[in-house]
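Encoded as structure tokens, the structure appears first; notes follow it.
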Amino acid sequence: MTGLASAEFSNMSTHAFKRDNFGLATANTIYDAVLGGAAAQLDALTLAFSQSPAPQMPSSDAETMAVSGTSLALFSLEDIAKSAFDIFCVWRDEASGYRFGVKIHVPEQVLDIGTRPYWFVMTDTAPAGTEPDWTQPNDDPSQPYSWPAADGLNISVAPDSQHSSLALLVNIANSGTGA
């Protein structure tokens with residue numbers, strides 16, 4: 001099991017962003033998401049960030065976060081229940097306070113049977129470090145989404161949704177330039 005979940009942020013706007021909330025969460029535990037420091041060892045599943053975004057995303061830059069995992073046999077219902085996880089990343093425009101982010105949920109699967117991964121979005125102008133209010137933009141995780149235009153930005157998500165993995169490409173552009 002590799003490449004379970006990833007999100008790439010492509011910033012072609014004139015805005016610079018600072019990483020706000022970011023992490024890997026499993027079974028009510030949130031792991032600090034520092035490259036090489038965020039790893040979850042479950043009974044039969046090992047998850048780790050294979051790439052985490054830098055703390056800053058300057059204009060005309062791209063940052064990627066990816067989680068990969070290896071799975072041993074899931075021997076019990078407890079192992080199966082522990083195999084679900086979330087990754088999330090919120091970016092904040094320090095000049096305006098505008099925040100946006102994505103969260104990917106990878107549910108339990110046994111022998112490739114189960115719900116495919118799905119994703120959530122958020123946007124607000126809350127202070128840095130505030131817990132995000134996530135909403136699911138579509139019932140179908142393969143459908144694209146565009147945030148309402150705000151702060152002079154067009155932000156959109158192009159998902160690549162497979163049965164056991166999900167990759168999101170988040171495009172950030174100035175309003176009027178397309179995203």
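The values are calculated or read from the model by the stated rules, or taken from the named source; none is laboratory data. Given the structure is predicted, the values throughout are model-derived calculations rather than measurements. Glycine gets a Cβ as well: all are built from the backbone with ideal geometry, and neighbour counts include every protein chain shown. SASA here: full protein model, heavy atoms, side chains in, ligands and nucleic acids out. Shrake-Rupley method; radii C 1.70, N 1.55, O 1.52, S 1.80 Å.
Some points to look at:
Let's see how each residue does on (1) in contact with a Gly (Cβ under 9 Å, 6 or more places away or on another chain); (2) under 18 Å from residue 24 (Cα atoms); (3) not basic (Lys, Arg):
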site	(1), (2), (3)
86	yes, yes, yes
94	no, no, yes
103	no, yes, no
128	yes, no, yes
141	no, no, yes
155	no, no, yes
159	no, no, yes
166	no, yes, yes
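- Some residue of segment 82-93 being touching a residue at least 60 places away in the same chain (Cβ under 8 Å), over 14 Å from the mean Cα position of the chain (by Cα) and closer than 19 Å to residue 9 by Cβ: yes
- Hey, residue 120 at pLDDT below 95 and either of a type in the set (Ser, Thr, Tyr) or farther than 22 Å from residue 174 by Cα (or both) or not: no
- Residue that is farthest from residue 18 (Cα to Cα), among those in segment 146-163 that are in a loop (DSSP other than H, G, I, E, B) and either in contact (Cβ under 8 Å) with a residue 60 or more places away in the chain or in contact with a helix residue (DSSP H, G or I) (Cβ under 8 Å, 6 or more places away or on another chain) (or both): 152
- Condition check for residue 108: open to solvent by 30 Å² or more (accessible area, probe 1.4 Å) and touching a helix residue (DSSP H, G or I) at 6+ places or on another chain (Cβ under 6 Å): yes
- Restricting segment 82-141 to residues that are hydroxyl-bearing (Ser, Thr, Tyr) and outside any strand (DSSP E or B), the residue that is farthest from residue 161 (Cα to Cα): 96
- Output for segment 144-158, where each listed residue is of a type outside the set (A, V, I, L, M) and under 16 Å from the mean Cα position of the chain (by Cα): 144, 145, 146, 147, 156
- Pair list, Cβ < 8 Å and 6+ apart or interchain, from segment 129-145 residues that are open to solvent by less than 40 Å² (accessible area, probe 1.4 Å) to residues that are in a loop (DSSP other than H, G, I, E, B): 137/143; 141/116; 141/117
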